[in-house]
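The values are calculated or read from the model by the stated rules, or taken from the named source; none is laboratory data. Model, not experiment: these values are computed from the prediction. Every residue, glycine as well, gets a Cβ built from its backbone with ideal geometry; the counts of neighbours run over all protein chains shown.
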Amino acid sequence: MWLRTSCDISFNILEPTPFVLMLRPRSGAQQWVAREEYKLTPSVPATEFTDIYGNLCQRLIALPPYFQVTTAAEVRTADYVDQSPGAPFVEIQYLPDSALNYLLPSRYSESDRFCDMATDIVAGYTLGYDQVAAISAWVHNNIQYRPGDSVEPVSAAEVNERGWGVCRDLSHLCIALCRSLSIPARMVVGYLHQLQPMDLHAWFEAYIGGRWYTFDATVNILQGGYVAIGYGRDAADVAVYNQFGPAVFPTTQAVSVEQIVGDA
């Protein structure tokens, strides 16, 4: 399907403030970016780089008193999410080098604390895809999804203890559980068509059967319409903006995802 995505974020700026933004989707195996708009108001010099995870990032210094980032893209993405029940577990010695980092504990996904819990959840399931599907279903059924209720990221251990969280928090728990079973798992941030309430979204991918597969503990049934912006170990790696210096918070943030009828 063809989707038109947009994100508009504005800030009140008290002094010159360095930003690193991550708001540009990239083309890849699961999506093709056909058109893109990226506007800074007021216009300031910016440079772009690719981070260690392959995400497109922009560096700039926002000036007082107001700063706005407006992005839009037309993206072709899959009508359906690829699923492969029975896809096998990949033994560590056969993993690509790029996947090894996603086996380790990280700031928000403390996988070294979840081995016993993960083993109980996946008992009786075939190693690989079926284990990850069982983990995603367990989190969906046992951790309440409460969009908009969590401002600060919380860790997998914290969300498991309190029993609720936003999409980012549920993904942290799924990632930690997967990694504790030696299944590489990574967080993805981006857009989801027909998400309610509409906002930026987070889900996770696991490496099984020789490739990355999409999972989302916030939904009952996986459907198409995902547009990825960034990949990383957890929320610390996929923030759509980081600012440095005195804290700056968005005064407005508007996100939309619309299906384009016909070819883009």
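Key figures for this structure:
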{"read-out": "Residue that is under 16 Å from Ala202 (Cα atoms), among the polar types (S, T, N, Q), in the same structural domain as Pro184 (by TED's automatic domain parsing) and in contact with a Cys (Cβ under 9 Å, 6 or more places away or on another chain), where the choices are Ser155, Ser136", "value": "Ser136"}
{"read-out": "Every pair of residues 6+ apart whose Cβ atoms lie under 6 Å, when the first sits in segment 6-32 and is at pLDDT 95 or above while the second is outside any strand (DSSP E or B) and among the small types (Gly, Ala, Ser)", "value": "Thr17/Gly245"}
{"read-out": "Residues of segment 200-226 satisfying the condition of being surrounded by fewer than 20 Cβ atoms within 10 Å (Cβ to Cβ) and either of a type in the set (Asp, Glu) or within 16 Å of Val139 (Cβ to Cβ) (or both)", "value": "Thr214, Val219, Asn220, Ile221, Leu222"}
